[in-house]
Structure formats: C-alpha cells, structure tokens
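Enquirer: Structure incoming, see below.
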Amino acid sequence: MTTQPYTVPDVSVIVITYNDAARLPRAVRSVLGQTLKNLEVIIVDDCSGDDTPAVAKALTEEDGRVRYLRLPANSGGCGAPRNTGMDASRSPFLMFLDSDDELPRHACKSLLLEAEATGADFVMGTVERVDEATGAVTLWYPQLFAERRVVDGIRAEPELLFNCLATNKLYRRTFLDVTGIRFPEDIHHEDIVWSTELFCRSKLFAVVPWPVYRWLLAATPATRSISSRRHELENVRQRVAAAVLSDRALANTHSLDLKEDKDFRFLSHDLRLYLGDLPQRDPAWISDFADIVIPYVDTLEPAAIERLTRAERVCLQLVRERRGAEAALAAVELGGRHSVPPRAVTADGDRVFWGTVPPQDERARSELDVTELRLAEQPLSGALLRHELIDLQASRDRIRLRLRTYDPGRVLDGRTLTAWLRVGGRKRTITSIPVQMAPVVIESLEEREKKSPRGLEGQWEPEEPERTRIPRMTGGPPEGTGILEGTVTISLPELEWPDNAVRPQAVMISLQEGERGNLRPLLAVPGFSFTSVGTVGSGRLVLEASADLPFRLMARRLGPAAKRRFPSVPELWRGLLADLATPRNLGRFYRLVSMTVPVSRNLVLFESAEGTGYTGNPRYVHEELQRRATGLRAVWSHADVPERFPEDVGLVRRDTFRYAWTLARAGHWVDSHNLPYCYRKRGSTRYLQTWHGQVLKKMGLDEPRHRTQPALARKYAEAVARWDALLTPGPDFLRDFAEASGFRGELIHAGYPRTDVLVRHMEPAQRERARQVREFFEIPAGKRVILYAPTYRDNRRFSGDSIRLDLPALAGALPPDWVILVRAHPYDRFTVPDPLGWLVRDASAFPEVNDLMLASDVLVTDYSSIMFDYACLGRPILYYVDDYERYASAQRGICFDLAEVAPGPLLREPGELAEALERLTEITERYRRRYAEFRDRWCGLDDGQASGRVVDAFFPEVMR
Amino acid sequence: MRSRDVFFLSTDGDSMGGSQRVIHTLAQGLGSRGHRVTLISINPSRQPQTYVADPVYRHATLYDTPAPEPAARSLPWRRGRQRRSPEEVAAAKRKLLRLTDRIDVGHGGHGGHGGYMVIASPWAAHWIADLPMPHIAKIGQYHQSYTEAVDSPNLKLIKKHYAHLDKALFLCDDYAASFTAHRLANCGTMLNPVSVFPEEAAPLRNPRIVSAGRLVRVKRIDLLIDAFAAAAPAVAEPWELHVIGDGPLRAALEAQAAQTGLGDRIVFRGQVENVEAEYLDASIVTLSSDFEGWGLVLAEGAACGLPAVACDASAGVRTLVEDGDNGILAEPGDTGSFAAALERLMSDAELRRRMGARGRERMRRYRLPRVLERWEALFDELDR
C-alpha cells in the first residue's frame, strides 16, 4: 500500500543509521506501520560504507512518507545526524529512533494525543528492552513511568533525571526552536547532555506509563551499539566528558540547585554501569579506569555519594584506592537481590570494615564501613555467606566443582551442617547434590615461609601464591575458621532433569542444620572463564553465567535428557491416574463410589487450609477426639506435604482417586475452607464446616465476584449447601458469614477450638511450645518478638504486595530489643531482604501459627482474622494499614469500620510503628477498655474449652 | 462530513441487555447520519429483542444456531457443554471476512480506513484475534467497570487483545485510567448514550420515589425499603416508594415491605411498558446497589430532571451523580446514610428542583447527538 505525503505531517520521526543496512528497514517499517498515518520518516545516514543508500532509496520508493538524507562525512556519533534531521523536519512534533530499534505501534499517536491534550513541551514513556535471542521483554526503569502525569518542571521530580535517553520522547518543535537545544556533536553519550538541558529548560512535560520505544538487544556482541562498548577506556572518557558538559548545561540554565540530583544520576546510573562490569576487568584496566573517573568523582557533591548503596560505595572506594582485585570482588553482586559479603572483614572498635586492610583515612573509614551488614548477628537463615566456585573439571559424564565458602561473620562456627548444591528456583528444586565441606585455613606464601623456610620440607611449591590446609583436629567437631572448602561431583547419567525445565536454573548452595537452612547463590570468582565449560556434559548440562548478573552461576540442559529409561508398570499406572485425576473425573468417581459402597460411620476425614497443614480448628477437634479415645478413625488430607503432619495420623493426598474414595467412605467431614466443589456430598455423610477465622472483609455471596458472576455464585451456593453444621464463634460471624454464605443448616455456637491453647497460654505445655519457636528461629534471649501477619490482597496473590511494612526503614527506627517474625498469608510470598536477617525471620512456612502467637509479645497485622485469635492471648495488637481506604473500598469491602473497634492503634508509617512499640505499655493502657470490648464481642465464647463443646455437639455418640 | 463503513461486532447482540441496547441505539444513530452501518452478532439469540423498530442499518449473524447451552447435569458422565465444530467456526469467520471485505479500500482519501469495527466485548476481540482485517480500524469497547474486569477473565483478555486494537474505550475516565495503569497505550472514554431525554423535565410534584431494576440481591432493594421506612415518618407529605422490575426476590421484598407498616406506600410495579413516564411521575430516583458499573437508571432519571439518591458504588456512579450537585451519595450498604439522604431530599422541594435541574444539565453530553459526534470525532482521530 502506498500512501502519498500529507501537506504537513503531524510527527517527524528521525531515524539515524550508520552501517546498519540490514536492520534499517525493520526500524523504518515500525514507523510506517504506526497507528498514526500522518507522519514522515527522515532517514539520516551518517555516511555509511555499506549499501545503506540503496536500501534507504528502496524505502523512499516504497512509501512516499520516507525521506533520505546522507551526511557528506562520517561524524562518528549520534549528535550530528539527529541535528541534521531536526533541521530537515517539517512537523510540529519530533521523535528520534535508532536504526537497530523499533517504535511500538501506538507510540506516535498516543504521544501526539498526550502532547496535544496537555500542552507539554515533551512527552516521555516507558522503554521496552527486548532480548532478541530469547524474546524476553523487560522495562527500563519502569518505576519512573509508572503513573501518567504532567510535571511542572524537573524540580518537582528530580529522579526523572535518570531518564537520560533522547529516544523515548516526543518533542514539541516550537519548544526546541525557542530554547535552541541541540545535540553536542563531538562526543558520544550526547543524549545525556541533551536530556539534562531539556529537563532544565522545560517548565511543563508529561509522562505516560505505556511503552513508546522498543530497544532491541542484539544477540551477538559484534553488532552491539556504542552504549554497549563499555570495555573501551575511550568510552569511559566520553562518558565523563558528557557529564562535564551536563554540568555546564546546569550552570548555563541557572540550575545548579539540581547538581546533587544530577551527580547522583551520574554515580548511580552512568558510573554504576562500569562498576557492574568490574569483575570482568583486570586490575590494570581498573587502575586506568580510576585515573579517568576518580578525579571527576571527587568534584561531585558528597551528599550524592552518600545516597549510593553500601555495596556501590565500597566498590567505588576500592577503585579510588586502586585496589582493583578487591573492587572486582565487591562488584560481583551489584544490583542483585543478595548482599554478598567480603571474604574477610577488619574490626575496629564497634565498626567493621571491608577487607583485611584497616581503612587508611577518614574517607575510607566512612566508605568501607560494612557494620550495617551485622555479619556476626545473623542467624543461620540470614547468614551472609560468599560461595565461590574456585575450580571446575569436566569429563564426558561428570562435572567436578570445587567451592569455597567465606563466612566473615563466623555464623557457621560450632554448627553441624550438611551442604547441598541445589539447582532450581526458590520454589522448585531440579536437583540437589550433597557437598562435602570442611573448614580450611588459607596460608599465604609469606605465612608459609615464616613457618617452614622454603625448601626444607620439599613438598611446598614456592610458586603457589596460597595454599589451603585442613585445621588440626582437637577432638569433637572441627573448629571454625571462617572459610570452608568442599567438592561436589555431578554425575550426568544420574542427573534427573524434568523436561519442562527449559530456562536456565540458578545454582545455589544450601546449608542445613536440622530444619533450619541457608540458601545463597554460587558465584564465580572474578576472571573465571565460563567458555571452558560451554559444552560440558556432551550436550546435556551447561554451566554458564546468568544473563543479567554475570557472576551468578546458572545451569541449563541442552538437548534431550541423557537416557530415557522405560517406566515400570507401577510408574505408568501412577502417571495414568495422575493424568485422569481432573476435578470432573474425581467428582464422577466419588458419585460412583457413593452409589455403590456403604458409608463407614466411624471414619472421619479432616482437612485444614486446603490440605496445607495440621493446624486450625480441625486439628483441635481431632486432638479432642484423640483425648477421648473414641473408636473413630481419622484420616487427614494433605496437599503433597506429608512432612507437615505428625507421624501417627493417617494421611491421604488431596485431589487423588484415593482422596475421592476416602471422602465417599467417610461418615464425617471436618474442614475449614470448603472442600473441592466437585464432590457433591452423599446424604449419609455429615459435614462440619469450622471455617478458618472470623470475618472483617466481605465474604460469601457478598463478595463482588459472586455478585457480578451469577454462575460462580450458584456454584458457591451449591457448595455451601453441603455443610450440615457450621461452627460460629460469635454474633458478628453469624451475620457477616453465616448469612452471607446462604447457610441454612445447624449452627454450633461453641467458639473456636483453635483458640483453646491461646486462652490457656500460661500452661506449661504452651510455654514449652513458645520456647521451641524461639529456639527454632534463633531468637536471642532478652529479645522481644513482633509477629507480623498481614492478610493477602485480592487480585494480587503471590505478588508479595501484602507485606506493606518497609522493613529496611523499620530496621533503622525500631528499638534494638525487637525481632520480627513475618508470617505471610498462604496466598502471598515473602523472603527476608538482605541484610535484615538479624532482625527479621520468615515464619511463613512454619507449620502452626498458634505456636508463633504463643512465642510473640505483640501482634502487628492489618485485616487478617488472626486479630480475633490473638485477642484471646490478651497481648497488644497494632495495626499497620497504610492502604486502609483502598482495601475497604476498591478491594472487596469490609463488614465494619476497623478504626471504630480496633483494640489497638491504626498506623500508617514505619516511624509510627516504631514509636508505638517504644510506648507499648502506654498504648496497652490506653486501649484497655477497647480491648476488653473487642474480646467480649468477638471472643466471648472462647474460654479454652471450645474443642470439647464442638465434639459434644457434632459427635453426640462420642463419650465424654 | 464523509460517510463511513461502521461495523458493530458482538458475541450476542440481539439478546436482552444494557450493552445490546446501546449498540442498537448507536447503529441506528450513525445510520441516520448517513454512515453505512452493519450490526454483526456472532451468535443468533435464543430470545431476540427488537430494539429498533425501523432499522437503517444492516444486520447479520455469523453462526446459524444460537450458542450451545450447558447440558443438563443429570448423569455424571455426560459432557458438560457441546462445542461448535471447527468447520462451523471456520464458516462463521469466513462470513465475517466476506461482510467486511466488500469495502472500497482507500475510500475518503489519505489515511482513511476501509471501515471501523466496534468490538463490543473482550470475548468478541478474542474471537477475531486470528482474522486478518488490515484495512479495518478496530475499536474495543468494554461495557463494565474495572473491578468487574479484575474479577473475571476480562482483564487478561483486554490486556492481550485490546492493547493491539486501534482504540480501547471504557465507560468513564476513571476506568480508562485504571487500564492505562496496566501500560495500555490506546485507552479512551466513550459515553453511553441516554436514549431517554424528554422535551420537558419532570414536574417534581408527586411525592414519589422511583427505583428500577431486576429484583436480585446485588440491587439491595431491601436496603432501600429499610431506608424508606426510616425516613418516611419524619416527613409530613405522604411519600410513596415505587419499585419497578421483577426478579426472584420479589416475594421476600414484599413481605419485608409489609412488615415496615408502610405496606400501602411501598408499591411493587413489576415490569412496566414505558419507563420514561414513570420517571416523569416521580420526584426522586434511587440506586441502592452495592455494586454497579455505571447505572443506567441514574442516567435516565437525571435526564428526566430527577434528583438522585445513590450508593457510592463505583466511579461510574460518581460520573453520573456528583454528591451535593445533582443528588446525594450514600455509603454503599449503609442504610443510615441512605435514609438520611432520602429524608433530606424528601423534605426540601427547593433542593429537589435545583438538583433535578443540575442533573438534566449534566446529562446533556450523554444525549445521542452529542455521543454520535464523539464517535465521529473518534473516527477522525483514527484517520490521522
């Protein structure tokens, strides 16, 4: 389709190119295919030597909207071609595109409409980065563009200085003309200078959240553009030159008040790119690099340096001190989620510094201070360990790895540990191989010479710079040295690798001490070359660097699995049954059994929290039945987690045919969540619905989804109709749940069995449970425990969004004697952020939440029903509800106003929470009356004897 | 003004429903303004409605038989739902291509499209996702609220399909902004036309409150009855509450009304022929739903010059009723504040008159000619 040029195009897109004839048509066609038709494309060719002229000519003939300009001589940068294009354009709006990238289809139209609607000088949007090899899409600094907005000048949002690209914007022509902004022509990184001036001169610009530029990352390094040539020192010089020009732009536009923000941008974006590469550079390069950047860095605002992360500050200081090898070590995990500690630290008073050399001056003291990692205060789960891969040998069917683990905090000393090399994500383990690890002593050449003069013992190799030895045994467990070494052999023929694990998998080291563990990544040492193992394992297993963190080790399987053994008949049978176990088939099987097989009156099926554990009301009903030694036989349903149940209870795995069989045979069901809808209960089975908490949020037929989707509501009503008896803990529950669920059967007003142990928390058995929890989580004596247990957010399940507390901020504000147990809702996830292991423990997987409550001193929650149980303990409850309005309205809605009834204060800032904890006695006093009213209203029936009443009511045949 | 080819595509365009009414109203309106309009329903309806007596638009269905219904659940081994055969699907898709293919491409000059297809739901967009129609500008419309999209498969479908259409349209700016926050680049707002707009506003002389809608749980007529019972005794005039519509809860609600002691003043009218006349006979319109994406009742009531009392159920409701301007908003589910709002309006004729006039003013931009102009402006925007 040919389209004739319009008289005045709405937008000119200036496509600059140099020796890129192969990709130019892709870029130009992405503009011609825009939803905006009334535009022009100006190809500016920086005097290419390839067949760009012919390709461009063809494009102009293909579509009349394309124009082609060619510079008489190569300019070597992007500035001159872009300026030429600007001069040639005829439109009221301009955009820039590089010939190796693309514009998303709506980019021009959506930016144009936004510019027209807002009157902004320019509009900028999100950049998509597409890895051409894998097709994976990531967004560039997405948080900058998260909201659609109009900004009254850069001072309103100085962090937007990070958007230093010229390409993700649409410019108003008159604004560029009036201000006279042009690209500098004699340097690379011209867009940094351009953007700085742009931001300083504009009084009104707009931001949109959608992608307006597609940045394509070429698969092969040979085709990488200027921005990817960071290994060249000339590139570093250009970057600094651009920063100097930006400073001049600030001065010229009377914007020196923005200098600190601009300096922070330089340090944390521009310089940071090079720091991240340091592990790939040799010390000589790093020394030259320091000569270029440090003189400039030393002119920057000290406040900007203080805004960097601790790891970045350490790295920069090591560069400054020309400690190249150590800088490379420090840079290994910049930008990663983990805090990777130094190999060793130096203590001086109460401060701890990076490395074995004490800091030489005041600046070094402030920059190399790693006290905040609290290396020695970490429990095993939070221990900051540095696992390095030091040697790798591959043969045809075997890979042998040697690892060294640095434990600068000496957390591992005196523990009996097992170690595993674990391949897989945090949730899923692909394979786990034992590692033999033992403490070692590393002796440098000098130390060895001191001990035994060279040549005397003969076996020392003087050329070896260092040598490890196993410390002398003195009986008992080996003494800790802060360094461990181990070897692990991966036998490829025995390696199990599921067919669906196609992505590269993280290689981690897992250390276990009983149930406690530590899981951290395995890193390559700087200079380690992965090319030597590229084809290891005859095409079966590849160990390689991670794509975004080049010193994380990843494993990937290439080609088919080693040998496909034909499965045995039982395996085939199990596989077939698993495939057939769809809800519909299970439902049919259940009905078939209930039509033909009589019910077994003394069989009780228990299920709690969808089979995820031995907990909740069903557990305490079960234990009451056990106490009475009835003839009833109990079977517990489990969702593939048998290890969470005591050994003496019968188990059946959920969603299997055996489960359907057990359900059909059982005379009683006791459950807390509503059993799968596919089982339409037979008449002779009695179903006790205990439910799993009192209600704050709207439930049952009152939930928006049930109101808007009648089919869903009908299914729900059918499922509720199965319940024969419903446990009610109080009058509010009756109204907000029993009625809202449309339940019509027998109500058992008994209180909650699960609160019995909480009411009776002073009894020795309960105190013992609390002690065990403290021991398990390594909570030092004298520390007090916050249990933080928020509920999940609808539509944001498993996003981590329910953990609203800003833990790093809280760490700074909290009085020193607190430890936080975080209990994420089963529908959400949580991991302890580094280095906060000393303060925070992840208790999400702990089997019994009652025990956590017993071990805690105060509860922090939001809208979770845990508040009603916790009130039985009588200990203080604080609410952290920074999203209260949103939850109450946009979320599913709540049944009563928390602010009116809460037995503790509603807090919205980490600072407020810290203050409340400081004045806990005062708050307890202030809320005494409210707390009592709350208990009366919601815990009125909870007197520690509820289990007995429930059993009396639901199992009348059972003797007391 | 140039004449255009416009297609309305919906999965079920002839059944009873609010969005169907809107589509037919728009088709007739655009047809009357000289555009060549075709209304395409993917499935024929089991109970087709007649929305427009003398259509000036073409009308087509793609399948020959209505959508299969879920089979009765009598036997456990019966298949739950019959599906259409692949041949049937292919034939229907070919039919759609034929219908849209007769278009004179390039008609109307530079950048013009061969036609404009208004897709009424994410499911319809899903159905045509694999059909090549490069000459047609495609506009996805979503007739529900953002919350409803989040609670259903629609959010995923919108992100998957509407993102690639030329425009995605939502009922109010607030909903459009919520989808934009998902990084969709092409969101906009299109108002639904209000077909009721009498020459003369309601005289507001009868002491009568009107409510219209199906008698189902979500509409919370129970709350309305309680609120009315609480407010009525405090006002001197003998106000009546007229509940229009039918539904499964009718008997229960009638019993509840009888218990209030105001049984004769709460009138259940069932289905009525002429809703407009009911609005004109009343003085206050109410919407007591916990949940409502937009609220056609409020729009029609305001167009007739009635002040409103409504639960602040969504951004859609807030675009129709501004608290204190053309009505009073109550907390959703809160009988007390609803009763207080009713009482305030019932006891103040001057306030009713002022708010009623403001409501009618507010509804002017929802009048059909204005909405049709917005559609034509949208077609112009797509042509740029």
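Enquirer: Among the residues of the range B:264-315, write down those that are modelled with pLDDT of 85 or more, within 14 Å of chain A (Cβ to nearest Cβ) and in contact with a Phe, Trp or Tyr (Cβ under 8 Å, 6 or more places away or on another chain).
Expert: Answer for the range B:264-315, where residues must be modelled with pLDDT of 85 or more, within 14 Å of chain A (Cβ to nearest Cβ) and in contact with a Phe, Trp or Tyr (Cβ under 8 Å, 6 or more places away or on another chain): B:288, B:311, B:315.
Enquirer: Moving on. Restricting to the range A:80-101, count the residues that are within 14 Å of chain B (Cβ to nearest Cβ) and farther than 14 Å from residue A:170 by Cα.
Expert: Count: 0.
Enquirer: Residues to consider are A:66, A:55; find the one that is crowded, with 17+ Cβ neighbours inside 10 Å, among the hydrophobic types (A, V, I, L, M, F, W, C), over 23 Å from residue A:174 (Cα atoms) and modelled with pLDDT of 95 or more.
Expert: Result: A:55 is the single residue among A:66, A:55 that is crowded, with 17+ Cβ neighbours inside 10 Å, among the hydrophobic types (A, V, I, L, M, F, W, C), over 23 Å from residue A:174 (Cα atoms) and modelled with pLDDT of 95 or more.
Enquirer: Shifting gears a bit: In the range A:126-143, which residue that is part of a strand (DSSP E or B) and farther than 23 Å from residue A:159 by Cβ is nearest to the other protein chains (Cβ to nearest Cβ)?
Expert: A:137
Enquirer: Let me spell it out: the conditions are (1) free of Cβ contacts under 8 Å to residues at least 60 places away in the same chain; (2) within 23 Å of the chain's Cα centre (by Cα); (3) within 14 Å of chain B (Cβ to nearest Cβ); (4) farther than 11 Å from residue A:214 by Cβ, and residue A:146 meets all of them except one. Which number is the exception?
Expert: (1)
Enquirer: For residue A:499, are the conditions met, namely being among the charged types (D, E, K, R), surrounded by fewer than 11 Cβ atoms within 10 Å (Cβ to Cβ) and modelled with pLDDT of 75 or more?
Expert: Considered against the rule, which asks whether it is among the charged types (D, E, K, R), surrounded by fewer than 11 Cβ atoms within 10 Å (Cβ to Cβ) and modelled with pLDDT of 75 or more, residue A:499 comes out as no.
Enquirer: Could you tell me which numbered condition residue B:242 fails, if it satisfies all but one of (1) under 30 Å from residue A:214 (Cβ atoms); (2) assigned to a strand (DSSP E or B)?
Expert: All conditions pass for residue B:242, except number (1).
Enquirer: Scan the range A:272-287 and tell me whether some residue there is within 18 Å of residue A:163 (Cβ to Cβ), modelled with pLDDT under 95 and of a type outside the set (Lys, Arg).
Expert: Yes; the residues of the range A:272-287 include at least one that is within 18 Å of residue A:163 (Cβ to Cβ), modelled with pLDDT under 95 and of a type outside the set (Lys, Arg).
Enquirer: All but one of (1) surrounded by 15 or more Cβ atoms within 10 Å (Cβ to Cβ); (2) part of a loop (DSSP other than H, G, I, E, B); (3) within 14 Å of another protein chain (Cβ to nearest Cβ) hold for residue A:123, so report the exception by its number.
Expert: So residue A:123 meets the others, but not (2).
Enquirer: Answer yes or no as to whether residue B:252 is surrounded by fewer than 16 Cβ atoms within 10 Å (Cβ to Cβ), away from every other protein chain (no Cβ under 14 Å) and small (Gly, Ala, Ser).
Expert: Spelling it out, it is not the case that residue B:252 is surrounded by fewer than 16 Cβ atoms within 10 Å (Cβ to Cβ), away from every other protein chain (no Cβ under 14 Å) and small (Gly, Ala, Ser).
Enquirer: Then there is this: Go through the residues of the range A:598-612 one by one and say whether even a single one is closer than 19 Å to residue A:745 by Cβ and among the polar types (S, T, N, Q).
Expert: no
Enquirer: Just name the residue that is nearest to residue B:362 (Cα to Cα) out of those in the range B:317-334 that are surrounded by fewer than 24 Cβ atoms within 10 Å (Cβ to Cβ) and within 14 Å of chain A (Cβ to nearest Cβ).
Expert: B:318
Enquirer: For the range A:236-246: of the residues being within 36 Å of the chain's Cα centre (by Cα) and buried (at least 18 other Cβ atoms within 10 Å of the Cβ), which is farthest from residue A:183 (Cα to Cα)?
Expert: A:236
Enquirer: So residue A:77 fits all but one of (1) under 25 Å from residue A:172 (Cα atoms); (2) away from every other protein chain (no Cβ under 14 Å); (3) at pLDDT 95 or above; what number is the exception?
Expert: Checking residue A:77 against (1) under 25 Å from residue A:172 (Cα atoms); (2) away from every other protein chain (no Cβ under 14 Å); (3) at pLDDT 95 or above, the one that fails is (3).
Enquirer: Can you tell me which residue among A:391, A:413 is among the acidic types (Asp, Glu) and under 19 Å from residue A:523 (Cα atoms)?
Expert: None of the others qualify; the one that does is A:391.
Enquirer: Let me ask something additional. When the residues of the range A:336-368 are narrowed to those that are of a type in the set (D, E, K, R), over 20 Å from residue A:411 (Cβ atoms) and in contact with a helix residue (DSSP H, G or I) (Cβ under 9 Å, 6 or more places away or on another chain), which ends up surrounded by the most Cβ atoms within 10 Å (Cβ to Cβ)?
Expert: A:367
Enquirer: Consider the range B:134-144. How many of its residues are facing chain A (nearest Cβ under 9 Å) and within 19 Å of the chain's Cα centre (by Cα)?
Expert: 1
Enquirer: Now for a separate question. Give me a count of the residues in the range B:202-215 that are surrounded by fewer than 17 Cβ atoms within 10 Å (Cβ to Cβ) and within 14 Å of another protein chain (Cβ to nearest Cβ).
Expert: Result for the range B:202-215: 1.
Enquirer: Do you know which residues across the range A:155-173 are more than 14 Å from chain B (Cβ to nearest Cβ), closer than 20 Å to residue A:99 by Cα and not in a loop (DSSP other than H, G, I, E, B)?
Expert: Hits for the range A:155-173 are A:169, A:171.
Enquirer: Return the residues of the range A:102-113 that are within 12 Å of chain B (Cβ to nearest Cβ), buried (at least 22 other Cβ atoms within 10 Å of the Cβ) and of a type in the set (D, E, K, R); say none if nothing qualifies.
Expert: Within the range A:102-113, A:109 is the sole residue that qualifies.
Enquirer: I want to confirm something. Restricting to the range B:147-169 and keeping residues that are at the interface with chain A (Cβ under 9 Å from one of its Cβ atoms) and either more than 15 Å from residue B:182 (Cβ to Cβ) or of a type outside the set (A, V, I, L, M, F, W, C) (or both), which single residue is surrounded by the fewest Cβ atoms within 10 Å (Cβ to Cβ)?
Expert: Per the stated criteria, the residue is B:164.
Enquirer: Examine the range B:173-186 for a residue that is more than 14 Å from chain A (Cβ to nearest Cβ), of a type outside the set (Lys, Arg) and more than 20 Å from the chain's Cα centre (by Cα), and state whether such a residue exists.
Expert: No: the range B:173-186 contains no residue that is more than 14 Å from chain A (Cβ to nearest Cβ), of a type outside the set (Lys, Arg) and more than 20 Å from the chain's Cα centre (by Cα).
Enquirer: Now for a separate question. Pick from A:186, A:191, A:152: which is more than 21 Å from residue A:261 (Cα to Cα), out of contact with any helix residue (DSSP H, G or I) (no Cβ under 7 Å at 6 or more places or on another chain) and away from chain B (no Cβ under 14 Å)?
Expert: A:186
Enquirer: Within the range A:588-605, can one find any residue that is within 14 Å of chain B (Cβ to nearest Cβ), surrounded by fewer than 12 Cβ atoms within 10 Å (Cβ to Cβ) and at pLDDT 70 or above?
Expert: yes
Enquirer: Further, regarding this structure: Determine whether residue A:60 is at pLDDT below 95 and farther than 15 Å from residue A:95 by Cβ.
Expert: no
Enquirer: Looking only at residues in the range A:785-824 that are of a type in the set (Ser, Thr, Tyr) and under 15 Å from the mean Cα position of the chain (by Cα), which one is surrounded by the fewest Cβ atoms within 10 Å (Cβ to Cβ)?
Expert: A:799
Enquirer: Let me ask something else about it. Name the single residue, out of those in the range B:357-384 being in a helix (DSSP H, G or I) and within 14 Å of chain A (Cβ to nearest Cβ), that is farthest from the chain's Cα centre (by Cα).
Expert: B:383
The values are calculated or read from the model by the stated rules, or taken from the named source; none is laboratory data. A quick note: this is a predicted structure, and the numbers were derived from the prediction, not measured. Note: ideal-geometry Cβ built from the backbone for every residue, glycine included; neighbour counts use all protein chains shown.
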